[in-house]
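J.: Below is a structure I'd like to ask you about.
The values are calculated or read from the model by the stated rules, or taken from the named source; none is laboratory data. The model shown is predicted, which means the values in this text are computed figures rather than measured ones. With ideal geometry, Cβ positions are generated from the backbone for all residues, glycine too; neighbour counts draw on all protein chains shown. Note: areas computed on protein heavy atoms with side chains; ligands, DNA, RNA excluded. Shrake-Rupley method; radii C 1.70, N 1.55, O 1.52, S 1.80 Å.
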Amino acid sequence: MMRQVKGVKLQMSGAAMVLLAAIGFGFNPLFAQILFAQGMSVEVVTLCRFILPGVILSFYLRAPAALWPEVGRMLIIGFANALGVLAYFYALQNLTAASAILIYYTYPFFSLLIGVLIFKRSLSINALLSAALVLIAASLVIEPSELSMESKWALLGCFLAPMVFAFQIQYLAKPKQNLMALNRVAWSTLGHLIILIPLVIYTSPKVVLPHEINGWWALLGLAFIAAALPQYLFVIGAVKTKPEVIAVLGAVELIVAMLSCAVFLDQPLTRLDITAMLLVIIALAIRHPKKAAIVLESEQKSRGYTELV
């Protein structure tokens, strides 16, 4: 009986951590757009997103020589993720926040596609249903005829983030070598910084730091509330929580992302935006067969390795 009670407490503690992490990640678009309004470039804001986690996780940049190939793979994934976040933040500047956020959440469709084509995963009816709902949701918020040429490029580029995330999901479901979770996050984050720091130097931004107090609060929020703290909470909490619970709690991130922009930045949510958001939440909450549980669990745990919405 005591063991059961202890197990329930562990489960609640893990679920609470995952919930708080999802809420934190959901503030990324809000803080990013506040910093854009301060004149900071996409490259600088993206770098600010990863600097603090990079410093904190530097203590976990250790790996035996036998695991160096896996370290190299995590660095490459980090490179790709950095480009995906850049494209996503660029889309936040040129599209409505709701559209950019919902495009990011097309990752279940790309995960299914990449899993079948590259990793030879088997299909399930539930997975197909989730992917279909995500595609329908994306179609509701994308209207190419109303976009400028720059916005169209931003729209296309925004799909890079969910594609990279989807590839990561599939790889982490069955990696080539075993590497501790915090070590994976640390090397992946270093991969972000290796590409972002030279890129910021190359672009020579005119504004590197905010010039108003609300910008400084947004900078701290982006680095700590939306990055370092939720990343830590998720890595710790995910191992104590069932995959199906993580999937439902993870949908909170989408709600926070869209509602925070609507409330604090006065960005209107249309009826189609709300409908699309509900469809994505349903898609994320659909339970998968037990044989696919490891893929679902890796999908949710890999939240700690990206950073997007």
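J.: Students sometimes get this wrong: rank T106, T96 by accessible area, probe 1.4 Å, all chains present, largest first.
T.: Ranked list, largest accessible area first: T96, T106.
J.: I'd like to verify something in the chain: which complete DSSP H helices, judged by Cα projection on the helix axis, reach 24 Å or more and average at least 1.0 on the Kyte-Doolittle scale?
T.: Numbers: long enough: 2-25 (35 Å, 0.95); 68-94 (39 Å, 0.83); 125-141 (25 Å, 2.37); 181-203 (33 Å, 1.37); 243-264 (32 Å, 2.09).
Sorted by number, the helices that extend far enough and score high enough are 125-141, 181-203, 243-264.
J.: Could you please state how large a percent of the accessible area of the chain is carbon and sulfur, counting protein chains only and using a 1.4 Å probe?
T.: On the chain, the fraction of accessible area on carbon and sulfur atoms equals 72 percent.
J.: Ranked highest first by the average count of other Cβ atoms within 10 Å around their residues, in what order do 205-211, 54-60 fall? List each step's numbers first, then the result.
T.: Details: 205-211: 13.3, 54-60: 16.4.
Per-residue Cβ counts within 10 Å, averaged per peptide and sorted highest first, yield 54-60, 205-211.
J.: By how many nm would the segment from K120 to E212 grow when fully extended, if each residue of separation counts as 0.36 nm and the alpha-carbon distance is taken off? Provide the component values of the computation, followed by the final result.
T.: Numbers: separation 92, 0.36 × 92 = 33.12 nm, distance 5.11 nm.
In short, 28.0 nm is gained.
J.: Quote the relative contact order of the chain in percent (integer), defining contacts as alpha-carbon pairs under 8 Å separated by 6+ residues.
T.: 41
J.: In nm, to one decimal, how far is the F264 label point from the L278 one, both placed 7 Å along Cα→Cβ?
T.: So the label points at F264 and L278 sit 2.6 nm apart.
J.: How much length is gained if the chain between R271 and A16 is pulled fully straight, taking 0.36 nm per residue apart and subtracting their Cα-Cα distance, in nm to one decimal? Working shown, then result.
T.: Working: separation 255, 0.36 × 255 = 91.80 nm, distance 3.07 nm.
Using 0.36 nm per residue and subtracting the Cα-Cα distance, I get 88.7 nm.
J.: Quick check: from the Cα gyration tensor, does the stretch 128-254 come out rounded (a/c under 1.5), prolate or oblate?
T.: Working: a/c = 1.56, a/b = 1.08, b/c = 1.45.
Oblate.
J.: For the chain, how many pairs of lysine residues have a Cα-Cα distance under 22 Å, where the two are 8 or more positions apart or belong to different chains?
T.: Close lysine pairs found across the chain: 25.
J.: Would you compute, from DSSP H runs of 4+ residues alone, the mean residue ellipticity of the chain at 222 nm, taking -39500 (n - 2.57) per run and dividing by the full residue count, rounded to the nearest 500?
T.: Working: 15 runs with 224 residues, N = 309.
Result for the chain, helices only: -23500 deg cm²/dmol.
J.: Then there is this: Can you tell me the order of 133-140, 17-24 when each peptide is scored by its average per-residue count of other Cβ atoms within 10 angstrom, highest first?
T.: Numbers: 133-140: 19.1, 17-24: 23.0.
Result, highest mean first: 17-24, 133-140.
J.: Give the accessible surface of the chain per residue, rounded to a whole number of Å², with probe radius 1.4 Å and ligands, DNA and RNA excluded. Mind showing how you got there, number by number?
T.: Values: 14640 Å² over 309 residues.
Ligands and nucleic acids excluded, the figure is 47 Å² per residue.
J.: Here is a follow-up. Farthest toward the dipole's positive end in the chain, which of W187, L233, Q177, given Cβ charges of +1 (Lys, Arg) and -1 (Asp, Glu) about the Cα centre?
T.: Checked the options; the winner is Q177.
J.: I would also like to ask the following. Mind ordering 267-280, 34-47 by average Cβ neighbours within 10 Å, highest first?
T.: Details: 267-280: 17.4, 34-47: 21.6.
Taking the mean over residues of other Cβ atoms within 10 Å, the ranking is 34-47, 267-280.
J.: Hey, of [x] 27.4; [y] 17.1; [z] 20.1, which did the structure itself give for mean projected area of the Cα convex hull in nm² when calculated?
T.: Working out mean projected area of the Cα convex hull in nm² from the coordinates points to [y].
J.: For V55 and I255, what is the calculated FRET efficiency with R₀ set at 25 Å and r taken between the beta-carbons, to the nearest 0.05?
T.: Numbers: r = 30 Å, r/R0 = 1.20.
Approximately 0.25, to the nearest 0.05.
J.: Relative contact order of the stretch 56-178: what whole-number percent is it, with Cα pairs under 8 angstrom and at least 6 residues apart? Before the final figure, lay out the partial values.
T.: Numbers: 110 pairs, mean separation 52.7, N = 123.
Computed over the stretch 56-178, the figure is 43 percent.
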